[in-house]
1. For the pair D111/Q47, report the inter-label distance in nm, with labels modelled 7 Å from Cα in the Cβ direction.
2. Could you give the size of the charge dipole of the chain about its Cα centre, using +1 on the Cβ of each K and R and -1 on the Cβ of each D and E, expressed in debye and rounded to the nearest 20?
3. If Lys and Arg each add +1 and Asp and Glu each add -1, what is the summed charge of the other residues whose beta carbon sits under 14 Å from the beta carbon of Y125?
4. Using helices alone, I'd like the mean residue ellipticity at 222 nm for the chain: each DSSP H run of four-plus residues gives -39500 (n - 2.57), total over residue count, nearest 500.
5. Could you grab the relative contact order for segment 1-104? Cα pairs under 8 Å, six or more apart, rounded to a whole percent.
6. For segment 13-28, what does the Karplus curve 6.51 cos²θ - 1.76 cosθ + 1.60, with θ = phi - 60°, yield as ³J(HN,Hα) per residue in whole Hz, taken in order and with x for Gly and Pro?
7. Taking the mean number of other Cβ atoms within 10 Å as a proxy for protection, how do you rank 13-26, 94-107 from highest to lowest?
8. What's the center-to-center distance, using Cα atoms, between segment 1-53 and segment 115-146 in Å?
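A short reminder: the numbers here are calculations on the coordinates, not readings from a lab. Keep in mind it's a predicted model, so treat the numbers as computed, not measured. For neighbour counting, all protein chains shown are included, and Cβ atoms are generated from backbone atoms with ideal geometry for every residue, glycine included.
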Amino acid sequence: MIGVLFICLGNICRSPMAEAVFRHQVEQAGLSSHFLIDSAGLGDWHQGEAPHQGTQNVLKQRGIAFDSIRARQIQSKDIEQFSYLVCMDEENLSGLKKWLTPGKQVYRLLDFAPEQTERNVEDPYYTGRFEHVYSLVEAGCQGLLQHICQERGIG
């Protein structure tokens with residue numbers, strides 16, 4: 001199984017959106033049996049909560065399932081379990097470094113969307129720009145899936 005963990009600050013807006021979008025793309029590609037997909041937050045403020053209503057709205061509009069997603073805080077075991085640790089922004093990347101073991105690579109989601117001018121997925125919890133964030137997440141997830149398929153020789 002190829003483990004992909006999406007990480008943001010509270011696991012309430014961006015990373016659950018990325019988890020749902022990536023899972024949807026993987027299912028559409030017929031590759032679900034190859035992947036373990038999850039999300040987590042650096043903080044514990046929202047543990048057990050469903051995604052933010054703004055995230056739910058953009059996912060519902062596109063027919064993307066999110067019902068099973070609940071916020072949780074990252075744990076040490078996640079670092080070993082997941083091959084791809086994918087952060088939403090530079091701040092998340094910095095915050096995650098204390099969890100990392102030597103040699104473990106971490107990515108920003110938009111590293112996989114070179115056509116995007118932005119490198120960080122903004123936090124819509126503060127900006128309210130869920131549609132914009134969705135467009136960034138969708139592009140990043142598409143690029144990530146293509147990267148993994150090429151790297152792992154699947155698809």
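1. With each label placed 7 Å out from Cα toward Cβ, I get 2.8 nm.
2. Working: 14 positive and 19 negative charges, 51 e Å.
The dipole of the chain has a size of about 240 debye.
3. Working: positive: R14, R129; negative: E49, D89, E91, E122, D123.
After counting each charged neighbour, the total is -3.
4. Numbers: 6 runs with 64 residues, N = 155.
-12500 deg cm²/dmol, from helical runs alone.
5. Details: 185 pairs, mean separation 39.8, N = 104.
Relative contact order comes out at 38 percent.
6. So the Karplus estimates, Gly and Pro as x, are 10, 6, 5, x, 5, 5, 4, 5, 5, 5, 4, 4, 5, 5, 4, 4 Hz.
7. Values: 13-26: 26.5, 94-107: 11.9.
The packing order, highest mean first, is 13-26, 94-107.
8. What the calculation gives is 14 Å, centre to centre.
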